[in-house]
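Peer 1: One structure is given below, represented as structure tokens, and several questions about it will come after.
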Amino acid sequence: MNRAAADDASRRARGRLVLLAACLPLVLLAAAALGAVTIGPADLWKLLSGSADVPAVVRAVFWEIRVPRVFLAALVGGSLALAGAGVQGLFRNPLADPALIGVSAGAALGAVLCFFFGWEGLLGGWLLPLAAFAGGLLAVLILMSFHSGFAAGGTAKLILAGVALNAMAGSVLGFFLFSASDDALRSMTFWTLGSCASAQWPQVLVLLVFLAAGSFILRRHARALDALQLGEEQAAHLGVPVARVRGETIAAAALLVGAATAFAGTIGFIGLVAPHMARLLLGGLHRLVLPAALLLGAMLLVLADLGARTLTAPAELAVGILTAAIGGPFFLWLLRRPSSWSV
Amino acid sequence: MIRPATILAVLLAVSSVHAGPSRLVTAGSAVTEIAAALGLAPQIVAVDTSGREIEGMGDKPDVGYVRMLGAEGILAQKPDLVLVSGEAGPPPVLGQIKSAGVEVVVIPNGYSLDNIGDKIRAVAAATGRAGEGEKLVAQVEADVETLRAATADNTGERPGVVFLLARHGGNLMAAGSATAAHAMIEASGGRNICAGFTGYKPLSAEIFAAATPDFVIVSESVGGDDAQLLASVPGLGATPAGRALRVIRVDDAAFLGFGPRTPSAAAEVAAALRQP
Amino acid sequence: MNNTFAPGLVAEAVTLTRDARRILDGVSLEVKPGRLLAVIGPNGAGKSSLLSVLSGLWKADRGEVRLDGKAIGDYGPRERARRCAVMRQDNLRPAGMSVLEAVELGRLAHGAADDARAVARGQLAQMDLSDLAARDCARLSGGEWQRVAFARTAAQLASPGRGGVLLLDEPVSSLDPAHQHQLLGAARRLAAAGHAVLAILHDLNLTAQYADEVALLVAGRLTVCGPAAQIMQPAVLSDAYGCRVVAVGSADGPARALVSLPD
Ligand SMILES: Nc1ncnc2c1ncn2[C@@H]1O[C@H](COP(=O)(O)OP(=O)(O)O)[C@@H](O)[C@H]1O
Ligand SMILES: [Mg+2]
């Protein structure tokens, strides 16, 4: 029966989402258990159960360095993927990347300015993420000034404005990179490679707030994003307040990517590919795609960061190298797998 | 540049003199070199990537690039002291190491021959080797004196010099002002013909439009013989001026590191520049 | 201005200018509950533009559109969607969505208490599409997808006890003859059930068979508007399309058909 087939498909999709949600704690636990400092199962249990019978250094490594780092990676990966899912849905474009709306370029510009003037250590190290976040938001505000109400072709114009904005930010960035001292240049380069090494609890809390806010906004528009797949005009006929959905989706993506980039630098691939993974696994409905992308992005970056801090330990590897190395093969496997959905 | 705050931090760290570390992690080539020169090589349990170039450090565990350190990797070496140069980072990572109860001492960078003594004293104080430190300072100061004497009687035009750095896939970069190479060219009695721009810039024919160098200084690690090297420099290799050029090869870490070997490396370059 | 309550959709002297070109010029018409109004006319006449104005998507430069007695611009998007459903000419397909899910989108404006799945199933059954419910929208034929789009549009109005407005832009352009009758038959039944239906059509015979009234739009002007039998005459149509249209078969029998011929 096809009635049964349709119900089966949505039940299967929901089952997979539950499975993904169940995988996340396991991945987090595995990542917290592994690292350059060896912590055996017994010690791990003692740490988790709050026993005092563990050397102070091990306790500090676990609770002050490793666990915040694992959480930061999860929140950054989740934020980037969630923003990607929102932007792809909005632009009805599978190649849309959160970078398209200019946040990453703006954030990079903010950070590079900090390095250029040697201000990265100011405000107890918080000026750098603040500058990056402000830069990202500023870029998106400029972009949104091109967004005047709902008009056919408004989205296409936004994409083009985003491309132009990215190029302009890129050339300003290039100017500062070119004029920077050797020291500043190296710092800028490493910032743009992305890293979760600077994780601390306050940053984790800040990111958590942003991810919660972004999830709340996007989840409210999940149905509208579904309708937008029929085209903006048709969505408007179905009762979607297109201009508002567009504005709020971009704002949510800007907050998510801005905050993630502020604390971890620019990390590519996840925002583009995690939403596709979610669609390949669960179909196109955004109430499933959004949380699935968040979970997949979180796991992807936690695993990539685990590789970054263990593969060449005690040295660190740039996490950007590993997101694609870990996520790429999985993505290709999903693409080859015969599926009931077409992309 | 040395900021007053960092000097203060060093002085505070230094004031708590102790018997010296038993497990030491160093990052930054000058810092590692000084520590090794103070006889701490056996206590050094890990160094950054640049430190492994230094004699005797090649088989120590590598904690990675000095600007991209990881707290847990360093703590896994169970150090009781972490000694890093000014550029070490990211800054929060140093904070994480401290929060695990391990002492971290930052030795400020200084791109002048006169700073080397300060660095040595800071390292010596942090490791409880004040005596060895003073001996090394005296030796370095003597080398600086020798260099000054050798370049003092230079009269007339100083020779034009370009410093080339090999980067990404063999691309050559020229050192402008605000680089360690610039300071070292001037200290060795040369004149940096690229002082018109700051930082390292990709080599192009335009650089030689205004002035032609008499000498090219290049790292020992750059492959090929002198003729091959010159032929690969755009706008220079084919000209008569290019053929008259002389190539001086230096040990990067020694010449640019502003560590204990830097004055003598500069003296060698100064001698080469004076040859007619 | 006439402010007496008129159910359905009323356009009064609507004028639309885009890129300094007059696309609609003083168009007045009425889509009445219980009736099926066909809009016909050459390509580029402004039929789809008229639909955009009627549905409140575009604002007319001059003139007024009223939905159930209230200016269309005064409705919020959800309330408007509950009263007026539109099937556009360009039906983009959603990626990775099943037919059932696509039809459920028709209920987007109907609040949380609504059983979208049940309504969607009902509409799919009406259009004989139940077998396709679980299929991916991207893997339907053009005609199948057009019928799905109609089912979604019909689902949007399926509220008991109130007549809505249904605007269909070339709804049978990709369908085989049997399914053309199926879809227009369904549109007729919706009209009979109290909805006000407007359909943009090109097929003259289908227009003659299914429309109560016909409006002829040429170059942005409504040249004639009236009962189908009055408009669907060879002379009127030849004039409008600029090609020869003749009637074959007996003038009063059911076998009468309109045929267009090359000049
Ligand atoms: N968004 C638009 N902007 C400007 N002109 C348009 C737009 N859409 C359609 N037009 C023009 O308006 C005229 C009517 O188009 P349309 O309403 O689509 O015709 P049709 O009667 O074939 O549906 C055409 O000449 C078309 O080029
Ligand atoms: Mg049309």
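Just so you know, all these numbers are worked out from the coordinates, no wet-lab data involved. Everything quoted here is computed from the prediction, not taken from an experiment. Note: ideal-geometry Cβ built from the backbone for every residue, glycine included; neighbour counts use all protein chains shown.
Peer 1: Once Lys and Arg get +1 and Asp and Glu get -1 on their Cβ, which of B:Thr179, B:Ala254, B:Gly196 lies farthest toward the positive end of the dipole of the stretch B:153-273?
Peer 2: My answer, from the dipole projection, is B:Gly196.
Peer 1: Each label point is 7 Å from the Cα along the Cα-to-Cβ direction; what then is the distance between the points at C:Ala20 and C:Asp74, in nm?
Peer 2: Taking the simple label geometry, C:Ala20 and C:Asp74 are separated by 3.7 nm.
Peer 1: Here's a follow-up. Could you sort A:309-315, A:132-138, C:16-22, C:33-39 so that the peptide with the highest average Cβ count within 10 Å comes first and the rest follow in order? Please report the intermediate quantities before stating the final value.
Peer 2: On the way: A:309-315: 20.4, A:132-138: 24.4, C:16-22: 11.6, C:33-39: 22.6.
Peptide ranking by packing, descending: A:132-138, C:33-39, A:309-315, C:16-22.
Peer 1: In the stretch B:153-273, what % of DSSP beta bridges are antiparallel (nearest 5)?
Peer 2: Working: 7 of 19 bridges.
Counting only bridges with both partners in the stretch B:153-273, antiparallel ones make up about 35 percent.
Peer 1: Summing -39500 (n - 2.57) over the DSSP H runs of n ≥ 4 in chain A and dividing by its residue number, what mean residue ellipticity at 222 nm do you reach, to the nearest 500 deg cm²/dmol? Please report the intermediate quantities before stating the final value.
Peer 2: Details: 15 runs with 252 residues, N = 343.
Here the helix-only value at 222 nm equals -24500 deg cm²/dmol.
Peer 1: Here's a follow-up. Convert each backbone phi in the stretch C:181-189 into a coupling constant with the Karplus relation 6.51 cos²θ - 1.76 cosθ + 1.60 (shift: θ = phi - 60°), then list the ³J(HN,Hα) values in order as whole Hz, x for Gly and Pro.
Peer 2: With coefficients 6.51, -1.76 and 1.60, one gets 5, 4, 5, 5, x, 5, 4, 4, 4 Hz.
Peer 1: Moving to a separate point now. Whose amide H sits under 5 Å from the amide H of C:Ala196, counting only residues 5 or more places off or on another chain, with H placed in the peptide plane?
Peer 2: Result for C:Ala196 returns C:Gly34, C:Gly164, C:Val165, C:Leu166.
Peer 1: Let me ask another. Test of understanding: ordering A:Val57, C:Val172, A:Val103, B:Val222 by Cβ neighbours within 10 Å, fewest first, what list do you get?
Peer 2: Numbers: A:Val57 14, C:Val172 25, A:Val103 36, B:Val222 17.
If I rank by nearby Cβ atoms, fewest first, I get A:Val57, B:Val222, C:Val172, A:Val103.
Peer 1: Run the count for the protein assembly as shown, please: Lys pairs, Cα-Cα under 27 angstrom, 8 or more apart or on different chains.
Peer 2: For the protein assembly as shown, qualifying lysine pairs total 18.
Peer 1: Still on this structure, please answer the following. Charges only on Cβ, +1 for Lys and Arg, -1 for Asp and Glu: so what's the dipole of chain B about the Cα centre, in debye to the nearest 20? Working shown, then result.
Peer 2: Working: 21 positive and 28 negative charges, 78 e Å.
Its charge dipole is roughly 380 debye.
Peer 1: Please list, ordered by chain and number, the residues whose modelled amide H lies under 5 Å from the amide H of C:Arg244; skip anything fewer than 5 residues away on the same chain.
Peer 2: Amide H to amide H, under 5 Å and 5 or more residues apart or across chains, C:Arg244 pairs with C:Leu261, C:Asp263.
Peer 1: If you don't mind, another one. Within 10 Å of each Cβ of A:114-121, how many other protein chain Cβ atoms are there on average? Before the final figure, lay out the partial values.
Peer 2: Working: counts 0, 0, 0, 0, 2, 0, 3, 5.
Mean partner-chain Cβ count within 10 Å for A:114-121: 1.
Peer 1: Ordered by residue, what ³J(HN,Hα) values in Hz, to whole numbers, does the stretch A:17-28 give under the Karplus form 6.51 cos²θ - 1.76 cosθ + 1.60, where θ = phi - 60° and Gly and Pro are x?
Peer 2: Karplus values, whole Hz, x for Gly and Pro: 4, 4, 4, 4, 4, 6, 5, 4, x, 5, 5, 4.
Peer 1: Regarding chain B, what whole-number volume in Å³ per residue does the convex hull of its Cα atoms give?
Peer 2: Dividing the Cα hull volume of chain B by its residues yields 133 Å³.
Peer 1: Same structure again: Enter the mean number of other protein chain beta carbons within 10 Å of the beta carbon of each residue in A:225-231, as an integer. Don't jump to the answer; show the numbers that get you there.
Peer 2: Values: counts 0, 7, 7, 2, 9, 12, 6.
Mean inter-chain Cβ contacts per residue within 10 Å come to 6.
Peer 1: If every alpha-carbon in chain A counts as one equal scatterer, what log10 I(q)/I(0) does Debye give at q = 0.06 1/Å?
Peer 2: Taken in order of the listed q values, log10 I(q)/I(0) reads -0.22.
Peer 1: Next up: What is the average number of partner chain Cβ atoms found within 10 Å of a Cβ in B:190-200? Provide the component values of the computation, followed by the final result.
Peer 2: Numbers: counts 0, 0, 0, 0, 0, 0, 0, 2, 5, 9, 3.
If you average over the peptide's residues, the count of other-chain Cβ atoms is 2.
Peer 1: Taking θ as phi - 60°, what are the ³J(HN,Hα) couplings along the stretch B:260-271 by the Karplus curve (6.51, -1.76, 1.60), each to the nearest whole Hz, with x for Gly and Pro?
Peer 2: x, 8, 4, x, 6, 4, 5, 4, 4, 5, 4, 5
Peer 1: Let me ask you something else. Quick one: divide the alpha-carbon radius of gyration of chain C by 2.2 N^0.38 Å and tell me what you get.
Peer 2: Details: Rg = 18.4 Å, N = 263, 2.2 N^0.38 = 18.3 Å.
The reported ratio for this selection is 1.01.
Peer 1: At R0 = 56 Å, how high is the FRET efficiency between A:Arg12 and A:Trp119 if r is their beta carbon distance? Nearest 0.05 is fine. Present the calculation step by step, with values, prior to reporting the outcome.
Peer 2: Details: r = 52 Å, r/R0 = 0.93.
The computed FRET efficiency comes out at 0.60.
Peer 1: Can you give the charge dipole size of the protein assembly as shown about its Cα centre, rounded to the nearest 20 debye, using +1 on the beta carbon of Lys and Arg and -1 on the beta carbon of Asp and Glu?
Peer 2: Values: 72 positive and 70 negative charges, 583 e Å.
Here the protein assembly as shown has a charge dipole of around 2800 debye.
Peer 1: Moving to a separate point now. Magnitude of the Cβ-charge dipole of the stretch B:4-139, K/R +1 and D/E -1, about the Cα centre, nearest 20 debye?
Peer 2: Working: 10 positive and 14 negative charges, 51 e Å.
Around 240 debye, computed over the stretch B:4-139.
Peer 1: Going from the alpha-carbon gyration tensor of the stretch B:4-139, what semi-axes, largest first and in whole Å, does one get by taking the root of 5 times each eigenvalue? Before the final figure, lay out each step's value.
Peer 2: Numbers: eigenvalues 80, 55, 42 Å².
The three semi-axes for the stretch B:4-139 are 20, 17, 15 Å.
Peer 1: Another question, if that's okay. Per residue Cα convex hull volume for the stretch B:153-273, in cubic angstrom? Write out the running numbers ahead of the final one.
Peer 2: On the way: hull volume 12.4 nm³, N = 121.
Once divided by residue count, the hull of the stretch B:153-273 is 102 Å³.
Peer 1: Please state, to two decimals, what the Cα-based radius of gyration of the protein assembly as shown comes to when divided by 2.2 N^0.38 Å (N = residues). Before the final figure, lay out the partial values.
Peer 2: Values: Rg = 36.8 Å, N = 882, 2.2 N^0.38 = 29.0 Å.
Expressed relative to 2.2 N^0.38 Å, the Cα Rg reads 1.27.
Peer 1: So who's got an amide H within less than 5 Å of the one on B:Glu103, skipping anything under 5 residues away but keeping other chains? H placed 1.01 Å off N, in plane.
Peer 2: Placed amide hydrogens put B:Val82 under 5 Å from B:Glu103.
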